[in-house]
Structures are given as structure tokens and as C-alpha cells.
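As C-alpha cells, the structure follows; a few thoughts come after it.
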Amino acid sequence: MSQIAIAGFTANGCVLAQKIANELEGARAWAPCRIAEEVGLPGFDSVGAWTGEAFAQGCDGIVFVGACGIAVRAVAPYVASKMHDPAVVCVDEAGRWAISLLSGHVGGANDLARRIARIMGATPVVTTATDVRGAFAIDEWAARCGLVIANPQLIKRVSGALLEGGRVGVRVGRQVSLTGELPVGFVREECAGGTNDAGGTNDAGDIRKPCPAGAAHDSADASHVLHAHVRIGPELPRENGPDTLHLITRNAVVGVGCRRGCEPATLQDSVEAALAGLSLAPEAVATLATIDLKAAEPAVVELAAKHGWRLRTFSAQALAAQGGDFASSEFVRTHVGVDNVCERALACCGAVRVLNKQAHQGTTMAVGLVPEVLSFDMKEGNDHA
């Protein structure tokens, strides 16, 4: 099924559904079987079954051109959580309203409703409190930036603080920078290895140490109570208090090498232990990198598949072309044509090394972080979708 599935229920509704589909990339319009041939669209027998298939296939969005009641009854059996549900939008047949019905922020229904409204010249209907009150929606921003929300139950703590006029402290982890002005209600907090007062990245600081629960940057801020906190970075959440929302950046890279026929469990255990030792969340890893000779190595392929990491491979020539200080091995050079795989693979990905080459039971690995620059300006398009 398409990324965005659109259902019409009458001939007029199907014309509007097709108009919307024509303007949205990855969208497809559907019609009830009784009129499908007439309107020239693929058909469905049951809107409930069609909706269930859309959920099961992982559609990004579902649009109903018809009454809200139809949409509510159709999606009700499949709704799971705001972190996993697709965007659901309902459009009236006259094309006057585009209503964000489900998963407004994380799923992107608010944005989808606005896009559809622009297509039709309609009015978007958005009812989430932060949007209605003009407050910053931290979960929508996180979704746009491709961040993993580690403890989504804390979203309401941050949003509630902002809606009540409270202050939210923000600090970042290693190789993460924030640019531009902070939204109303947010203040920066000190953090080793994160951003400094000028907004740049501090290279100092041990990635394994949690950010201190300190004051905001200036003395005036320090005298005020912070009602909630947001931590942005690749590190494992270390603070399990009731007021800290953890947003995990996906900027970590693991470089690996291994002997032929390496046991998948051996490589997996070694990598997971290394990440734990660095206090890096497995969700922070975006890429597993190695030499092209290992592109089909079962241990490497299985590790990437288990975690959903992108597997990037490089030729010996590309690895050798990287400049820098690498642990050199003549044994490795003899067998694969380059003196180091895991550290050089990090360099090929543009990652700053945070763990040098480690060898264990026929495997080698190194870990790096790609510098991540984020802006709170929703108009600047931190869109990782």
C-alpha cells in the first residue's frame, strides 16, 4: 500500500481524493468497489479492512474524504499509541476542511492537514493544545529531526510546563549543537561535551559522564526554577526523574571488521558491550560501516538487520585514502588490502572517533559520532523524513 492512503466514499469524494493524491508524493486514492470502475480507482470492499491493511503496511498517513464518524470507527480497532500510529486526516466532501484527527505531532497529521488544506484551498483544523496556544511542540520537532523519543510519557510534562508559562531547560550531548534562538520558555543548561554559550560544540568532556543537573547559562536563568528538562544527544538516558524528556540523536557510527565466518553473536555482543561502555544508546546508531569485502558477511548483515542500522561498505582504496591517525595492522593489510578497516570506515562516514579500535575474538570495532547540528526553527527544515 502507498505511503499515504486516501479513501473516498462517493463519486464526488473520490474525485477530491484523486486530486489530493495527485499533489502528494507517495499517495494513492481508493474507492469502494461499487463505484471503483466508474471513478477509475482501485477498490476496497470494506473500509474497516482497508484501514487495517493501511496500518499493517506501515502507511505514513491515512486520509478519509467523508464524515469524521466514518474515520473514527474505521481506525478505532487499530489505534496503538501516539508514537506508532500513522497520521490520520479527515476531509469533508466539499473540500472546505482538513481535520487532523490522530497522531498530530509525532505522526505528522497536523502537517499533513495543512498540506492538504493548501492543495484544496481549505482550512486546516488542528486541535492540539500547543498549536492552539502557540506553544512549541517538542514531539513534532523531534519527529521532524529524526530523533528517537526515549520516554514519550514525558512529552506531556514538557508541553504542560510550556503551556503553564513554565521554563524548560535544554542541554545536549557529545557532537550535538543547537543553532538559532530557543523557543519561548526554553533555556540552555550547561553540559560537558555539548554546546557552549556561543552555540558551538565543546570537544571536551567524557561522553560516558552524564550532563550535570546544573543551572542555565546565565545567572538570571539560574535563579529561576526549571519545570522540566530536555536532553538531546546519543547517550543512554541516565536520569529517570519525572521531569526529563530524552531525545536520542541518530548520529553514531560503528565501524567493524571480522574474520570470515565470525559467529553473529560474537560480533553482536562485542558491539553492544562497546556501546554500553560508552553509554551510547543503540538507537543512536544510524550506520554500520565496514569494507566491501564484508558486505555479505552473515555476522555483519545480521547485526545491521537486527537494529535497523544502515550498512555502508567501502573499497580498500576508499578506506586507504582517509587521512588521520589509525591503528595499523600488516596482517589486515595482507588479507584485505588496507591496514585498518573499522577506524577508517568511521572516517569515510565523516564521524569523529570516540572509541579507538577494539579487538575481541576475531572482531574489531571502533565507534564515532557524526556532528549533528539542530535548529529549533521549524521553518528551517530539520526534516529527516
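Quick note: the coordinates plus some simple rules give every number you see, no bench work behind them. Bear in mind the structure is a predicted one, so any value in this text is a computation, not a measurement. Note that we place each Cβ from the backbone using ideal geometry, even for glycine, and neighbour counts take in every protein chain shown.
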Residues whose built amide H sits under 5 Å from the amide H of VAL187, excluding neighbours closer than 5 in sequence, are VAL168, GLY169, VAL170
Asserting the computed 222 nm helical MRE of the chain (DSSP H runs at least 4 long, -39500 (n - 2.57) per run, divided by residue count, to nearest 500) equals -8500 deg cm²/dmol
Computed about the Cα centre, the charge dipole of the stretch 47-145 from +1 Lys/Arg and -1 Asp/Glu charges at the Cβ has a magnitude in debye, to the nearest 20, of 200 debye
By the mean-Cβ-within-10 Å protection proxy, highest first, 6-12, 147-153 rank as 6-12, 147-153
Of all DSSP beta bridges having both residues in the stretch 252-369, the percent classed as antiparallel (nearest 5) is 60 percent
In the stretch 287-323, the trypsin sites (Lys or Arg not before Pro) that sit in a DSSP loop and have at most 13 other Cβ atoms within 10 Å of their own Cβ are none
Hull volume per residue for the stretch 252-369, using the convex hull of the C-alpha atoms, in Å³ is 84 Å³
Helix 47-56 sits off the longest principal axis of the Cα atoms of the chain, rounded to the nearest 10 on a 0 to 90 degree scale, by 10 degrees
The relative contact order of the chain, taking Cα pairs under 8 Å that sit 6 or more residues apart, comes to a percentage of 12 percent
Bridge orientation stat for the chain from DSSP, antiparallel percent rounded to 5, came to 35 percent
Kirkwood radius from Cα pairs of the stretch 4-127 plugged into Stokes-Einstein at 25 °C, 0.890 mPa s, gives D in µm²/s equal to 177 µm²/s
Of all DSSP beta bridges having both residues in the stretch 4-127, the percent classed as antiparallel (nearest 5) is 15 percent
Ignoring GluC sites (Glu not before Pro) buried by more than 16 other Cβ within 10 Å or outside DSSP loops, the longest site-free run in the chain is 240-385
Read-out log10 I(q)/I(0) by the Debye sum over Cα atoms at q = 0.09, 0.15 Å⁻¹, candidates (i) -0.66, -1.18; (ii) -0.59, -1.40; (iii) -0.54, -1.36; calculated match is (i)
Taking only C-alpha positions in the stretch 34-107, Rg and Dmax in angstrom work out to 12.6, 38
